[in-house]
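Right, one structure below, let's go through it.
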Amino acid sequence: GQQLNQSPQSMFIQEGEDVSMNCTSSSIFNTWLWYKQDPGEGPVLLIALYKAGELTSNGRLTAQFGITRKDSFLNISASIPSDVGIYFCAGQTIGANNLFFGTGTRLTVIP
Amino acid sequence: GAGVSQSPSNKVTEKGKDVELRCDPISGHTALYWYRQSLGQGLEFLIYFQGNSAPDKSGLPSDRFSAERTGGSVSTLTIQRTQQEDSAVYLCASSPREGVTIYFGEGSWLTVV
């Protein structure tokens, strides 16, 4: 199946700092999604991107669908302690029913 | 229901026993997915249902794994003769139709001892 490389694997940042993580694929996707997973919970959708070049914001979160359709990034501005969790990118190819997930970025915010 | 509901939330079973995990998708969602997440790992696709049929079973790791969906709603994932490597969180997700955003349940945490 498609390989999704997500980086960094983990991040330790100070409260108030900005965060950036990205995801690259060996295949073209027509949809990119970013999820956050808190301990003991299922992943929760943060942002969905449906068009190459699209830049979408959701509060302090901003995500972009790369022009090549093989990458996406997620930025979090002015991090707060509740941003702690694991962030997953996910991609979907044209005509496919399945989402392929990255391996996750574990974010720790130090107050 | 308001969200995807999974049961049991936690299950500890002895090696060699069979287990059944249940998923109740969001009302009206025709597409249903099962994923597996091992400790500290990403999500591994297992199977996808559109209505009651499973057009994509490619992710099932072995013939000990099976899933069914009845009435276009509730789905059951069955693991026969469980092994320790089956220990993981089993996540169910649903979407209104193919190709649109999927929403996850909280998962069933399976521990095989």
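Values in this text are rule-based calculations from the coordinates and carry no lab data. Predicted model, so just to flag it, every value in this text is computed and none were measured. Using ideal geometry, Cβ is built from the backbone for each residue, glycine included, and neighbour counts are taken over all protein chains shown.
Both the radius of gyration and Dmax for chain A are 13.3, 44 Å, in that order, over alpha-carbon atoms.
Expected output is a single nm value to one decimal: the length gained when fully extending between B:Thr78 and B:Glu20, i.e. 0.36 nm times separation in residues minus the C-alpha distance. What is it?
Numbers: separation 58, 0.36 × 58 = 20.88 nm, distance 0.45 nm.
Net length gain for the segment: 20.4 nm.
Based on alpha-carbon positions alone, could you give the equivalent ellipsoid semi-axes of the protein assembly as shown from the gyration tensor, as √(5λ), descending, whole Å?
Listed largest to smallest, the semi-axes of the protein assembly as shown are 29, 21, 15 Å.
Label point of B:Arg97 set 7 angstrom out along Cα-Cβ; within the stretch B:1-31, amide nitrogens under 13 Å from it belong to B:29-31.
Indicate the gyration tensor shape class of chain B (rounded, prolate or oblate), computed on the Cα atoms with a ≥ b ≥ c the square roots of the eigenvalues: a/c under 1.5 is rounded; otherwise a/b larger than b/c is prolate and the rest oblate. Could you put the intermediate results ahead of the total?
Numbers: a/c = 1.75, a/b = 1.61, b/c = 1.09.
The shape class here is prolate.
Fully extending the segment from A:Leu55 to A:Asn5 would add 16.0 nm, taking 0.36 nm per residue of separation and subtracting the current Cα-Cα distance. A simple spin-label model places pseudo-atoms 7 Å from Cα toward Cβ; at B:Ser7 and B:Thr70 they are separated by 1.5 nm.
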